[in-house]
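The structure under discussion appears below in the form of structure tokens.
Every number in this text was worked out from the coordinates using simple rules, so none of it is lab data. These numbers come from a predicted model, not from an experiment. When we count neighbours, we look across all protein chains shown, and the Cβ atoms used for this are built from the backbone with ideal geometry, even at glycine.
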Amino acid sequence: MNASGPVIGIDLGGTKILARAVDPADPVTPLAEQRADTPRSGGGDVLESMAAVVDDLDRMLVAGGHEAAVAIGVGAPGLVTSSGVLRFAPNIAGDAELAVAEQMGALTGRPVAVDNDATFATLAEWQRGAGRGSDNLVMVTLGTGIGAGLVVGGRIQRGANGFAGELGHVVIDPNGPPCPCGRRGCWERYASGSGMGRLARDAAESGRAERVLALAGGDPEAVRGEHVAVALTEADPGAVALVDEFAWWVALGLANLVATLDSDRLIIGGGLATLGSALLEPVRRHFATLVLGAGHRPEVQIVLAELGPSAGAIGAATAAAGMVGGA
């Protein structure tokens, strides 16, 4: 065990909290793991829930012969300042101007590192996963919304205020569907899990997704991305066409990123990455037709994340270890 003791990494999501206690020398392998639902009320209830998860992990650590955790990292979905304040979180109710670092520190009695959840996931993939060997990459996490992290010139980019990487809220259609952020036509309205659900409902209503509609009980309004995934495993033509349409929207955003940053590697993570090659291959195919100067630039690698849904917690734990002189 590292002399500094275990640390805890927390990935705060719109629907769930994932937390892992790890040895700082090996943040990928958990000593203990805990999950909880994210309170719908947001605000202080979210902090209390995370603190309760920390207590649970401490008990699990001690029962396993370890000491309690010495530091905590929290990845939060939204605009996080360099001082650990969650300024705005469109996918978590009430979480605006929430001093996560300060208040979690008070609740747990330990130092707390806070950053955007996708930034932490990018840190983990860059150091220990699919990003190894690249100094210029973008990771996008396709979940309920879209998160992203940027590595440029061998450094994580956080921007002037810590807000860099909110790529899901780049507007690609000003007349598009409303977004929880208050605007219309954000990229994540098309290329996230909720975006896939919207595309699938449209297809079901127009008779282009009969199997998906059947899996949803025949109600177009009940169609979700999960129904598309199930139909895809059955090689349903309607589901395959839906994923191809969805992949075009993913590729459009990725092509815009490469035009801006000239990245040499793009990492796709988040829940939708579990679709594997069924998503990756059409994204690559569409990207080749959308990226600027496709025939005149070196190939851009598009790969799946390697660390799965734990990447955010791994990155958060890595940051926590850095606060106490760990790995």
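Observations on the structure shown:
- C-alpha center-to-center spacing [segment 123-191, segment 1-63] in angstrom: 24
- Per residue of the chain, the DSSP helices (runs of n ≥ 4 H) give a summed -39500 (n - 2.57) that works out to -12000 deg cm²/dmol at 222 nm.
- With the highest mean first, a sort of the peptides 124-133, 310-319 on other beta-carbon atoms found within 10 angstrom per residue produces 310-319, 124-133.
- Dimensions in Å of segment 130-305 - Rg and Dmax from alpha carbons: 16.4, 51
- Residues in segment 123-129 carry Karplus couplings, in order, of 4, 5, 5, 5, 7, 9, x Hz; the curve used is 6.51 cos²θ - 1.76 cosθ + 1.60 with θ = phi - 60°, and Gly or Pro positions show x.
- Annotation: amide H-H contacts under 5 Å for residue 31 (H modelled 1.01 Å from N, sequence separation of 5 or more, or interchain): 21, 22, 23.
- Kirkwood hydrodynamic radius (C-alpha pairs) into Stokes-Einstein, the chain, 37 °C and 0.692 mPa s, D in µm²/s: 163
- Sequence-ordered 3J(HN,Hα) estimates for segment 132-145 from the Karplus curve with 6.51, -1.76 and 1.60 and θ = phi - 60° stand at 4, x, 10, 9, 9, 9, 10, 10, 10, 10, 9, x, 4, x Hz, glycine and proline given as x.
- The H on the amide N of residue 13, modeled in the peptide plane, is under 5 Å from the matching H of 18, each at least 5 residues off or on a different chain.
- Take the Cα radius of gyration of segment 56-196 and divide it by 2.2 N^0.38 Å, N being the number of residues; the result is 1.17.
- Per-residue 3J(HN,Hα) values for segment 50-56, derived from phi via the Karplus relation 6.51 cos²θ - 1.76 cosθ + 1.60 with θ = phi - 60°, read 5, 5, 5, 5, 4, 4, 4 Hz in sequence order (x marks Gly and Pro).
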